[in-house]
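Peer 1: The structure is given below, and queries will be raised subsequently.
Computed from the coordinates by the stated procedures, all read-outs in this text should not be read as laboratory data. None of these values were measured; they are calculated from a predicted model. In this analysis, Cβ positions are derived from the backbone assuming ideal geometry, glycine residues included, and neighbour counts consider all displayed protein chains.
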């Protein structure tokens, strides 16, 4: 598929004739409605399943990305508050998501291990902490979800009813220029990245921004180039997501292990293992995924050279 064709694999409702104003209004309102719909679904539930937490975070991230992409054409008066409120929503659900992943990883490890290698105590600690974060997130939702849903829908209405200055710029024309700038910045990030935990997390956010940017900006570059890049970004996001989770799991397991050692010294307990087997497993997984990420960097650098 090329830029001359009328269809768009990412946003089928947008064609080469779509104006910039109509394009950004459609995408922003769609993102706002999507998040509002998930919040409405949560209002009738009394718990937070990992699936629902994931859906909330993805919808929030996509909305924030759209607002950032269109900050030059969407007024801050309209888009500023939804950005801040959605960011606040994500901050409340990040911790519970981390503990959900941590629990599943420990549970899977214990199910596949021999009895002497299992760490059921750690699994129980993870579950208890996860439930504490769930209670906090549910309290936040009960106080804010309904109001936030209403505000998101109100903003979507405002976007469509706001009068814009007439412009001859097409959505594709603007997208092509904007996407090239984003990709240039991404190239620089690839060539200068270091492997610290903080920098890897920041780079993962950039991957998400470029990936969602491709989906939002439509056929701004030929599909034969954008689709392989999009697939590579998904893979890189998965690898870095695993690395981020492993960093978190290693840090928290160290904390639990240190607590056990303190108990051992206080109560003269002698039946705790000196080193946590799950911890060693996570450290080995981290090394493996770091090598996968280094290989991914090399292959992806080639894909963005156009």
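Peer 1: Sequence gap at least 6, Cα distance under 8 Å: using those rules, report the relative contact order of region 171-306 to the nearest whole percent.
Peer 2: 30
Peer 1: Quick one: plug the Kirkwood hydrodynamic radius of the chain (C-alpha pairs) into Stokes-Einstein at 4 °C, 1.567 mPa s, and report D in µm²/s.
Peer 2: On the way: Rh = 21.8 Å.
Answer from the Stokes-Einstein relation: 59 µm²/s.
Peer 1: In Å and from the alpha-carbon atoms only, list the Rg and Dmax of region 83-158.
Peer 2: 17.6, 61
Peer 1: Would you calculate a helix-derived [θ] at 222 nm for the chain, using -39,500 (n - 2.57) for each DSSP H run of n ≥ 4 and dividing by the full residue count, to the nearest 500? Spell out each step's value before the answer.
Peer 2: On the way: 8 runs with 236 residues, N = 306.
Result for the chain, helices only: -28000 deg cm²/dmol.
Peer 1: Sticking with this structure for a sec: Would you mind getting me the FRET efficiency between residue 139 and residue 196? Use the beta-carbon distance for r and R0 = 30 Å, nearest 0.05. Write out the running numbers ahead of the final one.
Peer 2: Values: r = 34 Å, r/R0 = 1.14.
The formula returns an efficiency of 0.30 here.
Peer 1: Between residue 280 and residue 41, what is the label-point separation in nm under the 7 Å Cα-to-beta-carbon projection?
Peer 2: 4.2
Peer 1: Taking Cα pairs under 8 Å and at least six residues apart, what relative contact order does region 18-169 come out at, in percent?
Peer 2: Values: 126 pairs, mean separation 64.0, N = 152.
Relative contact order here is 42 percent.
Peer 1: Mind giving me the nanometre distance, one decimal, between the label points for residue 288 and residue 107, set 7 Å out from Cα along Cα→Cβ?
Peer 2: Taking the simple label geometry, residue 288 and residue 107 are separated by 2.1 nm.
Peer 1: Continuing with the same structure: Between residue 154 and residue 259, what is the label-to-label distance in nm when each label sits 7 Å out along the Cα-to-Cβ direction?
Peer 2: The answer from the label model is 4.2 nm.
Peer 1: While we're here: Cα axis of helix 223-267 to longest principal axis of the chain: angle in degrees, 0 to 90, nearest 10?
Peer 2: Tilt relative to the chain: about 30 degrees.
Peer 1: For residue 128 and residue 84 in the same chain, what is the full-extension length gain: residue separation times 0.36 nm, less their Cα-Cα distance, in nm? Can you show the working numbers first?
Peer 2: Numbers: separation 44, 0.36 × 44 = 15.84 nm, distance 3.02 nm.
Between residue 128 and residue 84, full extension yields an extra 12.8 nm.
Peer 1: Work out Dmax and Rg for region 171-306 from the C-alpha atoms and quote the Rg first, both in angstrom.
Peer 2: 20.4, 71
Peer 1: Still on this structure, I have one more. If I fit a long axis through the Cα atoms of helix 76-112 and take the longest principal axis of the Cα atoms of the chain, what angle between them do I get, 0 to 90°, rounded to 10?
Peer 2: That helix lies at roughly 40 degrees to the long axis.
Peer 1: Okay, moving on. Report, to two decimal places, the Cα Rg of region 66-203 normalised by 2.2 N^0.38 Å (N = number of residues). The partial results should precede the final answer.
Peer 2: Details: Rg = 22.0 Å, N = 138, 2.2 N^0.38 = 14.3 Å.
Relative to the rule-of-thumb radius for its length, region 66-203 sits at 1.54.
Peer 1: On to the next question. To the nearest 10 degrees, how steep is helix 20-42 against the longest Cα principal axis of the chain, on a 0 to 90 scale?
Peer 2: 30
Peer 1: At 4 °C and 1.567 mPa s, grab the translational diffusion coefficient of region 6-118 from Stokes-Einstein with a Kirkwood Rh over Cα pairs, rounded to a whole number in µm² per second.
Peer 2: Working: Rh = 16.6 Å.
D, rounded to a whole number, is 78 µm²/s.
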